[in-house]
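Report on one structure; see the data block that follows.
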Amino acid sequence: MKKINLLEGDCLEQMKTLHDNSIDAIVSDPPYGISFMAKKWDYDVPSVEVWAEAIRVLKPGGHALIACGTRTQHRMVCNIEDAGFEIRDVVSWIYGSGFPKSLNIHKKDERCPDGWGTALKPACEFFTLCRKPLSEKTVAANVLKWGTGGINIDGCRVEANGEKTGSNGACGMSPEKGWNANSMSRDVTAEQSQTQGRFPANLIHDGSPEVLDLFPETGDKSAARFFYCPKASKKDRDEGLEGFEDKQSTGGGGGIGDYKDDVNSMSGKFGSEKAPSKNNHPTVKPTALMQYLCRLITPDGGTILDPYMGSGSTGKAAMLEGFNFTGCELDPDYFQIAKARIESEQHSLI
Ligand SMILES: C[S@@+](CC[C@H](N)C(=O)[O-])C[C@H]1O[C@@H](n2cnc3c(N)ncnc32)[C@H](O)[C@@H]1O
């Protein structure tokens, strides 16, 4: 059975209870540091000290995928790098569902020119891909020693017809089997793409009409080359919470900070009032997206850490992919929601 270790409290303190080199991958959606008025924890992005603790518990060569907002990603990534991670890439998730929350300056004062505002339409979020330095001389030697160091290309290929890839039950690679040497080659032929699926890219989209319209129509619709995942549905948010009451989710007051003035995220990170829901966390990430990200960087049977688990979407995804999971959450209400969502998937088959 998949193991879970859920730790309520401040992640810096809670991570100190974990052993060195005991975690295979980190997949997390930490505070973006964009709330000025609300909860103290969201005044800034996680500190270098937090990421240094994360790197201590991660195995050498272990990867992390860390969600970052557009306005503060530079601060997030500097702290991650200063803690000792190698920055490997940025995965961009583009979407059409964001709406601009721009102030019409002319409406505020008619002496100002018409048609000028203060914000762009939000259409992307980033996941920084980084890695703890290898302990061995080569990636292959590191994989043999720790199981970590590579990324799971074949497990995350996008099928040629544009369908999302399946669970890692079909494609996961164990350290013993080795990460697929072929797929690490740059020389992937068109034929291989057809038979094995498209090589995973550092671009993900939401499949919305707005985004699909950006891709030119070709014989094979080019958007289908990329993994896609829409925002979290109510069913996804509430699964496993049958005994919980419906509550209003808001940008502010729910413990996540006051994002009402700043709409900037499809996950609702910045505002957008939602219908009452059992999972009232305002920034729930879709499980399918988190499954894909977990699968991309975690060796078969590995343990994933999320120091900022919120309502537990990474943990739920980890269970569905057959991984073990360790998560921390500061807010007691969100902790209970995360626990219920993750435990309800713990016994699922992969
Ligand atoms: C952006 S949310 C994560 C949401 C999550 N991806 C989900 O789908 O529900 C970040 C979470 O980090 C928690 N948090 C903030 N500071 C923390 C800390 N120092 N230790 C542990 N959790 C913390 C907040 O309570 C919040 O729930």
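Rule-based calculations on the coordinates, nothing more; no lab input. Predicted model only: the values in this text are computed from it and were never measured. Note: ideal-geometry Cβ built from the backbone for every residue, glycine included; neighbour counts use all protein chains shown.
Let's see how each residue does on (1) within 11 Å of the ligand (Cβ to nearest atom); (2) part of a strand (DSSP E or B); (3) buried (at least 18 other Cβ atoms within 10 Å of the Cβ):
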residue: Asp20; (1), (2), (3): no, no, no
residue: Ala25; (1), (2), (3): no, yes, yes
residue: Asp44; (1), (2), (3): yes, no, no
residue: Ala52; (1), (2), (3): no, no, no
residue: Pro60; (1), (2), (3): no, yes, no
residue: Arg71; (1), (2), (3): no, no, no
residue: Arg88; (1), (2), (3): no, yes, no
residue: Ser102; (1), (2), (3): no, no, no
residue: His106; (1), (2), (3): no, no, no
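Every residue in segment 334-350 that is farther than 12 Å from Leu241 by Cα and more than 9 Å from the ligand (Cβ to nearest atom), please.
The answer is Gln346, His347, Ser348, Leu349, Ile350.
Being β-branched (Val, Ile, Thr) and farther than 26 Å from Tyr334 by Cα, is that true of even one residue in segment 98-115? If you could, list the steps in order and put the result at the bottom.
Taking segment 98-115 first, the residues β-branched (Val, Ile, Thr) are 105.
Adding the requirement that they be farther than 26 Å from Tyr334 by Cα leaves 105.
Scanning segment 98-115, I find at least one residue that is β-branched (Val, Ile, Thr) and farther than 26 Å from Tyr334 by Cα, so the answer is yes.
If Thr70 meets every condition in (1) touching a residue at least 40 places away in the same chain (Cβ under 8 Å); (2) closer than 28 Å to Ile342 by Cα apart from one, which number is that one?
Of everything listed in (1) touching a residue at least 40 places away in the same chain (Cβ under 8 Å); (2) closer than 28 Å to Ile342 by Cα, Thr70 misses just condition (2).
Report yes if Leu330 is within 9 Å of the ligand (Cβ to nearest atom), touching an Asp or Glu at 6+ places or on another chain (Cβ under 8 Å) and closer than 24 Å to Ser249 by Cβ, otherwise no. Write out each step before concluding.
Values: within 9 Å of the ligand (Cβ to nearest atom): yes; touching an Asp or Glu at 6+ places or on another chain (Cβ under 8 Å): yes; closer than 24 Å to Ser249 by Cβ: yes.
In short, yes.
Which condition does Arg75 not pass, out of (1) in a loop (DSSP other than H, G, I, E, B); (2) more than 12 Å from the ligand (Cβ to nearest atom); (3) surrounded by fewer than 19 Cβ atoms within 10 Å (Cβ to Cβ), if it passes all the others?
(1)
Every residue in segment 284-313 that is near the ligand (Cβ under 8 Å from one of its atoms) and buried (at least 24 other Cβ atoms within 10 Å of the Cβ), please.
Answer for segment 284-313, where residues must be near the ligand (Cβ under 8 Å from one of its atoms) and buried (at least 24 other Cβ atoms within 10 Å of the Cβ): Val284, Lys285, Met290, Asp306, Pro307, Met309, Gly310, Ser311, Gly312, Ser313.
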